Each structure stands twice: as structure tokens, then as C-alpha cells.
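Let me begin by presenting the structure, written as C-alpha cells, before commenting on it.
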């Protein structure tokens, strides 16, 4: 799984690779390279051509809140909706209106442990 981030003006892009095969530990690899928009588009095209099953887009977000581990593995918490509430010293202050939780573990289902669905439910309700 790849997390691609950019500056607000989309002039610089960075990549974070998330290993989905290890359910015991969270394995993150940060690519130190700073990409332009053209370079990131070229890289994504090459990765898609090299991946037999293809790529699919999971979500667009305004930020990464962090990672949480329940019984079946790790989840990534993203900001899916925000609103600007103030500007202090030239810096924008946002209110998080909605979040998105994406499972990182390869299993893809939360049926592995009976309590997993309960944990996920209580996190968002």
C-alpha cells in the first residue's frame, strides 16, 4: 500500500510505503525522494504497469491522523473532511469533520476476531 502526500500547492510529492504482509508489526518505509507532479504521475504509471493485478485508488484525504491496532491488525486513520475555522499568525486552523479508517492488514475482513467489529464500531460511534 502506498500513501502519496503533497504540499498544499502540489509542488512537492512524497511517498510512504506500507507493508501489508506483516500483521504483527507496522512496517513503514519512507521514500526520501521529493517528486514533482510529473515525476509522481510517471512513477505511478510504471508501478501500475509492473503490478499484474493493477492499482486501485482507496481514498483522498487531507491528512494522516495515525495508525491503530486492534485484534486483526493495523488500521490507518485519515482525515476525509475538514473545514477552516481560523487563521492564527498566518497559519490555518482546521476542524476535522469526518475521518476514514482503512485496514492495512492483508486479511481485508474483520471477521477473524469476534470483537474486531465491536472495536471498529465504537471508534466511529
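Since every read-out is calculated from the coordinates, none of them should be taken as a lab result. Every value quoted in this text rests on a predicted model; they were computed, and no experiment measured them. Here Cβ is always computed from backbone atoms with ideal geometry, including for glycine, and neighbour counts include all displayed protein chains.
Annotations for the structure displayed:
- Calculated translational diffusion coefficient of segment 1-56 (10 °C, 1.306 mPa s; Stokes-Einstein with Kirkwood radius over alpha-carbon pairs) equals 128 µm²/s.
- GNM top mover of 94, 35, 13 - the chain, alpha-carbon springs below 10 Å: 94
- Among 41, 51, 22, residue whose mean-square fluctuation peaks in a GNM of the chain (springs only between Cα atoms under 10 Å): 51
- Relative contact order of the chain: 18 percent, from C-alpha pairs under 8 Å at least 6 residues apart in sequence.
- The chain: most fluctuating residue of 38, 59, 86 per GNM, C-alpha cutoff 10 Å: 86
- Value of [θ]222 nm, deg cm²/dmol, for the chain, DSSP H segments ≥ 4, -39500 (n - 2.57) each, nearest 500: -5500 deg cm²/dmol
- Expressed as a whole percent, the proportion of Cα-Cα pairs in segment 22-90 lying more than 17 Å apart is 69%.
- Label-reachable residues, segment 21-44, where backbone N falls under 20 Å from a point 7 Å from residue 2's Cα toward its Cβ: 21-22, 27-44
- FRET efficiency, residue 42 to residue 88 (Cβ-Cβ, R0 35 Å, nearest 0.05): 0.35
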